[in-house]
Amino acid sequence: AVEMPVIPYQYLENHDHSRLITMLRTLEEDIPSGDRGLYYKLQPFVVALYTCVGIPMLWQGQELVENYILPASGNARVRYRRDVNWENFYDEYGTATVRLYRALGQMRHAYPALRSRDGFYYHEESRIEDGIIAYRRTHAASKQIALIVLNFSDEVRKIEIPFIEAGTYKEMIDDHDRKEAYKLEITEANQKMEVEVPSHYGYVFLN
């Protein structure tokens, strides 16, 4: 028998569908498009893409908040050019989103827990109705643990989650931008800790 390991292929956008941001609000102009001003609502999705089990796929222009709508059928679907608008790289929406994609890409490259096949979803602690969820990734060989919390709501949310091992856990997405590191001190295995997460954002804590 030949072992052929399978791992999920994760993506937020692809060529067959409208851009994700168009599901938030549509601007009814000559050519309808999504409202790029709502870019911040995509942030927890980006964190999930780079921290869930599987291989992330980045569709062209996704990191620039491309906002075209793809009709279900007709000439507008197959004959209209949808080039990447590279000028979006420099505006406030593109700059903020590219920063997040770069930070998460660097983290995934640096930390084996984010590339492992081991994941656990905190189904009892997560509150989908409030827009907040938590899960962890682990890498057995390095004993590295990553705990991810995502807030998809319009409000700051709190969630209490157990940490499976004692140690110091540091939030890594914004670590380079903080004057002081955001650390959680866990003194015993399975200790619960309450975490407060900004709206439409996420945190990644690593031991």
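Pull up the range 71-104, narrow it to residues that are of a type in the set (S, T, N, Q) and not in a loop (DSSP other than H, G, I, E, B), then point me to the one that is modelled with the lowest pLDDT.
To start, the set of residues in the range 71-104 that are of a type in the set (S, T, N, Q) comprises 73, 75, 85, 88, 95, 97.
Next, only the ones that are not in a loop (DSSP other than H, G, I, E, B) stay: 75, 88, 95, 97.
Details: ASN75: 85, ASN88: 94, THR95: 96, THR97: 97.
Here the answer is ASN75.
Considering only the range 120-163, how many residues are open to solvent by 30 Å² or more (accessible area, probe 1.4 Å) and either of a type in the set (Lys, Arg) or touching a Cys at 6+ places or on another chain (Cβ under 7 Å) (or both)?
Here the count works out to 5.
Can you name the residue in the range 95-104 that is under 16 Å from the mean Cα position of the chain (by Cα) and β-branched (Val, Ile, Thr) and is also surrounded by the fewest Cβ atoms within 10 Å (Cβ to Cβ) among such residues? Show your work before the answer.
Within the range 95-104, the first condition is being under 16 Å from the mean Cα position of the chain (by Cα), and the residues that meet it are 96-104.
Cutting the leftovers down to β-branched (Val, Ile, Thr) gives us 97-98.
On the way: THR97: 23, VAL98: 16.
Going through the qualifying residues, I end up with VAL98.
Looking only at residues in the range 105-135 that are among the acidic types (Asp, Glu) and in a loop (DSSP other than H, G, I, E, B), which one is farthest from the chain's Cα centre (by Cα)? Give the derivation first.
From the range 105-135, those among the acidic types (Asp, Glu) are 118, 124-125, 129-130; that's our starting set.
Narrowing the set further to residues that are in a loop (DSSP other than H, G, I, E, B) leaves 124-125.
Details: GLU124: 21, GLU125: 19 Å.
Taking the candidates together, the pick is GLU124.
Would you mind telling me which numbered condition in (1) in a loop (DSSP other than H, G, I, E, B); (2) open to solvent by 20 Å² or more (accessible area, probe 1.4 Å); (3) modelled with pLDDT of 95 or more VAL6 fails?
For VAL6, the exception is condition (3).
Do we find a residue being in contact (Cβ under 8 Å) with a residue 12 or more places away in the chain, farther than 29 Å from MET193 by Cα, of a type in the set (S, T, N, Q) and surrounded by 13 or more Cβ atoms within 10 Å (Cβ to Cβ) anywhere in the range 85-94?
Within the range 85-94, one or more residues are in contact (Cβ under 8 Å) with a residue 12 or more places away in the chain, farther than 29 Å from MET193 by Cα, of a type in the set (S, T, N, Q) and surrounded by 13 or more Cβ atoms within 10 Å (Cβ to Cβ).
If I filter the range 58-79 down to residues being touching a residue at least 40 places away in the same chain (Cβ under 8 Å) and open to solvent by 40 Å² or more (accessible area, probe 1.4 Å), which single residue comes out as farthest from ASN14 (Cα to Cα)?
Among them, the one singled out is ILE69.
Being assigned to a helix (DSSP H, G or I) and either in contact with a strand residue (DSSP E or B) (Cβ under 7 Å, 6 or more places away or on another chain) or farther than 21 Å from HIS176 by Cα (or both) is the requirement here; does VAL47 meet it? Give the derivation first.
Working: assigned to a helix (DSSP H, G or I): yes; either in contact with a strand residue (DSSP E or B) (Cβ under 7 Å, 6 or more places away or on another chain) or farther than 21 Å from HIS176 by Cα (or both): yes.
Considered against the rule, which asks whether it is assigned to a helix (DSSP H, G or I) and either in contact with a strand residue (DSSP E or B) (Cβ under 7 Å, 6 or more places away or on another chain) or farther than 21 Å from HIS176 by Cα (or both), VAL47 comes out as yes.
Given the conditions (1) over 22 Å from ILE173 (Cβ atoms); (2) among the β-branched types (Val, Ile, Thr); (3) open to solvent by 50 Å² or more (accessible area, probe 1.4 Å); (4) part of a helix (DSSP H, G or I), which single one is not true for ILE31?
(4)
Condition test on SER153, is it polar (S, T, N, Q) and either modelled with pLDDT under 95 or in contact with a Gly (Cβ under 9 Å, 6 or more places away or on another chain) (or both)?
So SER153 passes the test.
SER18 is checked against (1) within 20 Å of ILE173 (Cβ to Cβ); (2) touching a Leu at 6+ places or on another chain (Cβ under 6 Å) and fails just one. What number does that condition carry?
Single failed check for SER18: (1).
Here is a list: LEU64, LEU70, LEU104, LEU49. Which entry is touching a Gly at 6+ places or on another chain (Cβ under 9 Å) and aliphatic (A, V, I, L, M)? Write out each step before concluding.
Details: LEU70 fails: touching a Gly at 6+ places or on another chain (Cβ under 9 Å); LEU104 fails: touching a Gly at 6+ places or on another chain (Cβ under 9 Å); LEU49 fails: touching a Gly at 6+ places or on another chain (Cβ under 9 Å).
The conditions single out LEU64.
The values are calculated or read from the model by the stated rules, or taken from the named source; none is laboratory data. This one's a predicted model, so the numbers in the text were calculated from it and none came from an experiment. Please note: Cβ atoms are built from the backbone with ideal geometry, for glycine as well, and neighbour counts cover all protein chains shown. All accessible areas refer to the heavy atoms of the entire protein, side chains included, with ligands and DNA or RNA removed. Shrake-Rupley method; radii C 1.70, N 1.55, O 1.52, S 1.80 Å.
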